[in-house]
1. In units of 2.2 N^0.38 Å, what is the alpha-carbon radius of gyration of segment 62-146?
2. Can you run the Rg to Rh ratio on the chain? Use alpha carbon positions and the Kirkwood inverse-distance Rh.
3. State whether segment 137-213 is rounded, prolate or oblate according to the following rule on the C-alpha gyration tensor (a ≥ b ≥ c being the square roots of its eigenvalues): a/c under 1.5 gives rounded; otherwise a/b larger than b/c gives prolate, and the remaining case gives oblate.
4. Under a point-charge model restricted to the Cβ atoms of Lys and Arg (+1) and Asp and Glu (-1), what is the dipole moment magnitude of the chain relative to its Cα centre, in debye to the nearest 20?
5. Which of G167, T200, Q222 sits farthest toward the positive end of the charge dipole of segment 124-253, with +1 on the Cβ of Lys and Arg and -1 on the Cβ of Asp and Glu?
Amino acid sequence: MRRPITAYDIAMSTNGAHFAFTDRWGGVSAVPYEELNLGGAVGDDPAAVVTNRELAARSLGIDPAQVVWMNQVHGREVAVVDGPWAAKLGDGAEIPAIDAVVTTRRGVPLAVLTADCVPVLLADPVAGVVAAAHAGRPGLVAGVVPAAVGAMVSLGADPARITARTGPAVCGRCYEVPADMRAEVARTVPEAWSETSWSTPAVDVTAGVLAQLSALGVVDRQHSPVCTLESADHFSYRRDRTTGRLAGYVWLD
């Protein structure tokens with residue numbers, strides 16, 4: 001029997017901003033994508049992904065046809081959108097290679113896919129601007145989060161008003177990397193320097209993202225305590241390799 005959708009919505013009813021992150025349960029995908037795989041480029045049955053995206057969106061009270069997805073490539077490119085890509089590009093057109101998306105349209109949910117990387121959701125309800133960013137280790141170094149905040153500011157957002165939420169991701173005590181890679185990341189984002197629980201070099205991408213947000217003047221920052229590698233309720237590429245993708249969603253009423 002399929003489990004119910006367990007996506008959780010951290011709603012800010014006083015200002016109309018909504019943030020949500022999914023776990024892996026409540027969908028229709030078969031092993032190894034069990035169950036709520038929302039990624040369309042990981043080898044899963046495309047029909048199952050479509051169904052999963054519909055189930056997740058409806059569980060959050062949003063229209064699945066209005067969700068804006070990205071073609072994520074571990075870069076820093078940002079796109080400003082006013083609705084789903086099909087309306088702008090035409091049916092069958094490829095979504096641009098971007099790792100952050102921004103909108104000023106209320107009721108247009110933005111989505112980011114992850115399976116260890118950090119999903120970053122941002123909102124300034126006063127300015128009516130929201131953003132979603134995909135921050136893995138390369139994106140952290142490239143500056144995708146500062147680029148997303150910069151795009152928001154260009155549309156009237158104030159960093160001091162921005163609410164930031166980061167979702168489940170591999171933690172700094174589990175993300176083992178070679179020593180030279182850790183040093184390379186730390187040269188750009190010192191706060192990302194970490195060590196595994198077994199005393200080897202590691203990178204803490206979430207800590208790096210939060211430090212970048214702080215440096216930009218974003219005061220309201222909260223992060224998920226879930227480590228995807230440690231949690232059986234979440235997809236982890238580092239743990240399983242062939243696996244599904246989680247999603248983070250942000251939108252304004």
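Nothing in this text is a laboratory measurement; each read-out follows from the coordinates by a stated rule. Bear in mind that the values here come from a model prediction, so they are computed numbers and not experimental data. Please note: Cβ atoms are built from the backbone with ideal geometry, for glycine as well, and neighbour counts cover all protein chains shown.
1. Details: Rg = 12.5 Å, N = 85, 2.2 N^0.38 = 11.9 Å.
Scaled against compact globular proteins, the figure is 1.05.
2. Working: Rg = 17.1 Å, Rh = 18.0 Å.
Taking Rg over the Kirkwood Rh, I get 0.95.
3. Working: a/c = 3.26, a/b = 2.12, b/c = 1.54.
Judged from the Cα gyration tensor, segment 137-213 comes out prolate (a/c at least 1.5, a/b above b/c).
4. Numbers: 20 positive and 27 negative charges, 32 e Å.
Dipole magnitude for the chain comes out near 160 debye.
5. T200
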